[in-house]
Amino acid sequence: MSITKSKASRSGAAALTLTAIIALTGPLAACRDDGEGGPVAGWSTVDPMVNHPIAVGVRPYQLTLDLAREDKGLTRQQADDALRFFRRYRLQGKTALAIEMPEHARGSLAEEQLQALLVNAAVPTRAVRYVTPGTYGEGNAITMAFETGYVAHPPECGYWPDNLSESRENVPYWNFGCAQSRNLAMMVANPNDLIGPRRSTPRLSDRRDVVMKKYTGGEETSAATTEVEQKADVSQNQ
């Protein structure tokens, strides 16, 4: 027994099939992302690089030493702080070491102590620049400042705006990727690498010149086989 469909039933099935195709391609078209243009209004940003960026900038360091009215010099704590400050400058300083010396501190015991600490920390004299009072501080204390190279500032994590147990959206949560960005910012040795790649080092031209000379002269360009390599080749072929 054969089963046949009438023209009306076939047209109805075709219409039903077309309706099903349209119904299925609608959500798929809404999920399509061709990568062109910016984000669409209403879409939530789920890119960790956008939500948790690593800020790279210059970090200023500053130290203020309040002096007593009498010329008693620096306290032991102030001397230790100044020495650590100078040593940090030796390691990370990228600009001149600016020292703001108030008028009443010029020629005092505190200035002599600072000069001795500069020598102790091996800070060169050409790196020190004296500025007018009030440039960094209020002008009534010894203020020293310098800037380092680029420093990576990690993003702050721990923000949970939504309850993940009640979320029905198949999208990454807000903290997704934050720990990786934070760890990378805290472990990177040279933050300049996050801004751009390093310049290529010059090529090693010694071996290249030898090979090109042999190539242009019609000689074999491969390196000579050592005795150990020859014995290894013989043992493998046996």
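Couple of notes before you dig in:
- Residue match in the range 119-131 (condition: under 32 Å from the mean Cα position of the chain (by Cα) and of a type in the set (Ser, Thr, Tyr)): no
- Residue 130 vs. criteria touching a helix residue (DSSP H, G or I) at 6+ places or on another chain (Cβ under 8 Å) and either in contact (Cβ under 8 Å) with a residue 40 or more places away in the chain or of a type in the set (Phe, Trp, Tyr) (or both): no
- Remark: pairs (first residue in the range 51-62, within 19 Å of residue 147 (Cα to Cα) and in contact (Cβ under 8 Å) with a residue 40 or more places away in the chain; second residue of a type in the set (Phe, Trp, Tyr) and surrounded by 12 or more Cβ atoms within 10 Å (Cβ to Cβ); Cβ separation under 8 Å; 6+ apart in sequence or on different chains) = 56/150; 57/150; 58/150; 60/146; 61/85; 61/89; 61/146; 62/136.
- Some residue of the range 60-68 being crowded, with 17+ Cβ neighbours inside 10 Å, modelled with pLDDT under 90 and in contact with a His (Cβ under 8 Å, 6 or more places away or on another chain): yes
One line per residue, one yes/no per condition, for (1) under 30 Å from residue 80 (Cα atoms); (2) small (Gly, Ala, Ser); (3) in contact with a strand residue (DSSP E or B) (Cβ under 9 Å, 6 or more places away or on another chain):
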site	(1), (2), (3)
129	yes, no, yes
135	yes, no, yes
161	no, no, no
168	no, no, no
181	no, yes, no
191	yes, no, yes
194	no, no, yes
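The values are calculated or read from the model by the stated rules, or taken from the named source; none is laboratory data. As the structure is a computational prediction, the values presented were derived from the model and not from experiment. So basically every Cβ, Gly included, is an ideal-geometry build from the backbone, and we count neighbours across all protein chains shown.
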